[in-house]
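The values are calculated or read from the model by the stated rules, or taken from the named source; none is laboratory data. Since the structure is predicted, the reported quantities are computational estimates derived from the model, not experimental observations. Cβ placement follows ideal geometry from the backbone for every residue including glycine, while neighbour counts extend to all protein chains displayed. Remember, those area values only see protein heavy atoms, side chains included, never the ligands or the DNA or RNA. Shrake-Rupley method; radii C 1.70, N 1.55, O 1.52, S 1.80 Å.
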Amino acid sequence: MYMLIFLLLTLGGLLLVWSLCPGPYAPAGRTLRKHAPRRLTRTELAVSALARRIQPLVELDPVKRAKLENTLLSLGRKETPEAFHARALVQGLLTGGGLLVLVLFSVPLGLALAALMTAAVYRRERQKLDQEMDQRRQRIERELPQFAATIQQSLSATRDVAAILAAYG
């Protein structure tokens, strides 16, 4: 009986302390989580490790490599085109490899679905990059009218274009 009373009093005291010290303000906590670096999952670590191993085997056409390198640099990504293709290929292969279980039920169907899924995931990764680039272009295009108006207004006061551009950025 005394143990139950002790347990209830301890629990009540703990709840009272928690109510007096609520912790961080909820919007502040969300903001902190939003800006904190995201931890990599085990799957992402495995994909990265496998991609590093097959990266030396990936050869790209020089024109496609240059275009992809410019896209990656424009988006602020630090990976090489070969690393990007290796990572996309590993993701596709792991997804398609997971579907090889269907080979137990039907060999042609299982192999076909695994191959199609591998190609689809590989293509989706490439499309993600193109979508990011399109979103970036749209943001720039939305900013252009304001930029032009600011330049026009600033040129009436001074002809120092470098100072105008530095002040705008």
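Tabulated values for the structure
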read-out: Qualifying positions in the stretch 91-103 - within 18 Å of ALA49 (Cα to Cα) and either hydrophobic (A, V, I, L, M, F, W, C) or outside any helix (DSSP H, G or I) (or both); value: LEU93, LEU94
read-out: Top-ranked residue in the stretch 42-90 [being farther than 22 Å from GLN131 by Cβ and part of a loop (DSSP other than H, G, I, E, B); ranked as nearest to the chain's Cα centre (by Cα)]; value: VAL58
read-out: Lone unmet requirement of (1) among the charged types (D, E, K, R); (2) open to solvent by 90 Å² or more (accessible area, probe 1.4 Å); (3) within 23 Å of GLU44 (Cα to Cα) for ARG159; value: (3)
read-out: Some residue of the stretch 104-115 being open to solvent by 50 Å² or more (accessible area, probe 1.4 Å), in contact with a Gly (Cβ under 8 Å, 6 or more places away or on another chain), in a helix (DSSP H, G or I) and closer than 20 Å to ARG52 by Cα; value: no
